[in-house]
Amino acid sequence: QVQLVESGGGLVQPGGSLRLSCAASVRIFWLMTMGWYRQAPGKQRELVASITGGSSTNYADSVKGRFTISRDNAKKMVTLQMVSLKPEDTAVYFCNVLPNIQNWGQGTQVTVSS
């Protein structure tokens, strides 16, 4: 049973910052690639950032240079530090395991608006 719990979302003004956290009850967490996804209303869920067990990272072009993904293997936590937020970043953000996607958590809402 894989459990994923996202937190840290909220309302922020354009240009602001926010830090999201994902508590992942995943076996052999240290070997797994983790990712952050987001889904805006009426749009498909998209992968925005990922991090391997060796801490190699990858980002979607839309967030590159603004978002930073990191992990704490001891705590089984994955974080997403977001800066210079834009209205188009508004979405529900989810974490999951790559490439073998597990059950989705509830996600955390990020709203960027003035």
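At-a-glance table
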item: Strands (runs of 3 or more DSSP E) completely within the stretch 17-114 that count 1 or more residues being of a type in the set (D, E, K, R) and open to solvent by 20 Å² or more (accessible area, probe 1.4 Å); result: 18-25, 46-51, 67-72
item: Every pair of residues 6+ apart whose Cβ atoms lie under 7 Å, when the first sits in the stretch 1-17 and is of a type in the set (S, T, N, Q) while the second is in a strand (DSSP E or B) and open to solvent by 60 Å² or more (accessible area, probe 1.4 Å); result: 3/25
item: Matching residues, the stretch 2-16, being aliphatic (A, V, I, L, M), open to solvent by less than 70 Å² (accessible area, probe 1.4 Å) and in a strand (DSSP E or B); result: 4, 12
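Every residue, every condition in (1) out of contact with any His (no Cβ under 6 Å at 6 or more places or on another chain); (2) closer than 13 Å to residue 110 by Cβ; (3) not aliphatic (A, V, I, L, M), yes or no:
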site	(1), (2), (3)
18	yes, yes, no
24	yes, no, no
59	yes, no, yes
62	yes, no, yes
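The values are calculated or read from the model by the stated rules, or taken from the named source; none is laboratory data. Everything quoted here is computed from the prediction, not taken from an experiment. Glycine gets a Cβ as well: all are built from the backbone with ideal geometry, and neighbour counts include every protein chain shown. When the accessible area is computed, the model is the full protein with side chains, heavy atoms only, and any ligands, DNA or RNA have been set aside. Shrake-Rupley method; radii C 1.70, N 1.55, O 1.52, S 1.80 Å.
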